[in-house]
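Enquirer: I am attaching a structure below and will ask some questions about it afterwards.
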Amino acid sequence: MYVALSATGILMALMYDSMGIWSIVLFFLPLLVTRHSFNLFLDIRKTYNNTIKALASIIEAQDPLKRGHAERVADISVDMAKMMGIRGKDLEIINNAALLHDIGSIGVDEESLDSLLDKVTSKNEGEVMHAKIGADILEQVDYLKGCSDIVKKHHVPYRSENKRSKSREFVPLAARIINVVSYYDELTQTREPDERLNTREAINRIKKDRGLLFDPKVVRVLMNVARMRGAFLMLVGGGSH
């Protein structure tokens, strides 16, 4: 936007010598239209972002312990994505996917959810099914379609096989990031206070499952981000968070 405005301003100045006041008339109207269109675009984006945050709040309203979970997961996921070289539109998609990674719980009451989980063979399989419900919801919204596959696979273990092809299942990097960050936040924030782990304990718990449930590279980045945030005191003064 600012590059376009600058270029138009320079062009107006150059044309002024040959066209005089008409150069201003000729370019001023398109300049106003461009600025107005850009402001509308910003307003639409702000509305989308506020809607996503509102949905995240609705998801967490049923469980007081989960309040703030989505925003914490989004904040850490975005920091990790930046550290891994992700930029631009992909960064925005990760942020939105992290905010809505539990959207599959909307409209599912506890009794129905318990009945669903009784039919699966493991907690992880139940989480994968829950994530699929969320992905189906996001697939119906054009603005959020890019988040659908991430949400669908954010509970898929790092080492997992496609049951049909017997080959390694592809899990997007964004899904691998959200998977480990969501579990980290669960360990440190969303349990009863006397059951929560401090940051070092949570990292050590996660490290036991790297290479199996979690991508080792993503776990290393989580450790770096936690250290940068001042939460992870690794052998510095023997303190703990």
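Enquirer: Tell me, which residue of the stretch 174-207 that is among the charged types (D, E, K, R) and within 21 Å of the chain's Cα centre (by Cα) is nearest to residue 146 (Cα to Cα)?
Expert: Among those that are among the charged types (D, E, K, R) and within 21 Å of the chain's Cα centre (by Cα), it is 176.
Enquirer: Only residues in the stretch 193-204 that are aliphatic (A, V, I, L, M) count as the first member; pair them with residues that are open to solvent by 70 Å² or more (accessible area, probe 1.4 Å), Cβ under 8 angstrom, at least 6 apart or cross-chain, and list the lot.
Expert: 197/205
Enquirer: Let me ask something additional. Residue 203 passes all but one of (1) over 22 Å from residue 57 (Cβ atoms); (2) open to solvent by less than 30 Å² (accessible area, probe 1.4 Å); (3) modelled with pLDDT under 90; which number fails?
Expert: (3) is the only condition that residue 203 fails.
Enquirer: Quickly run through the stretch 22-34 and pick out the residues that are loosely packed, with under 13 Cβ neighbours inside 10 Å and modelled with pLDDT of 70 or more. Reasoning before the result, please.
Expert: First, the residues of the stretch 22-34 that are loosely packed, with under 13 Cβ neighbours inside 10 Å: 22, 25, 28-30, 32-33.
Across the stretch 22-34, the qualifying residues are 29, 30, 32, 33.
Enquirer: Going by what's in this entry, would residue 88 be described as within 18 Å of the chain's Cα centre (by Cα), open to solvent by less than 60 Å² (accessible area, probe 1.4 Å), at pLDDT 90 or above and at positive phi?
Expert: Details: within 18 Å of the chain's Cα centre (by Cα): yes; open to solvent by less than 60 Å² (accessible area, probe 1.4 Å): yes; at pLDDT 90 or above: yes; at positive phi: yes.
Answer is yes for this residue.
The values are calculated or read from the model by the stated rules, or taken from the named source; none is laboratory data. Note that the coordinates shown come from a computational prediction; the quantities given were computed from them, not determined experimentally. Neighbour counts run over all protein chains shown; Cβ positions are idealised from the backbone, glycine included. The accessibility values were calculated without ligands, DNA or RNA, using every heavy atom of the protein model including side chains. Shrake-Rupley method; radii C 1.70, N 1.55, O 1.52, S 1.80 Å.
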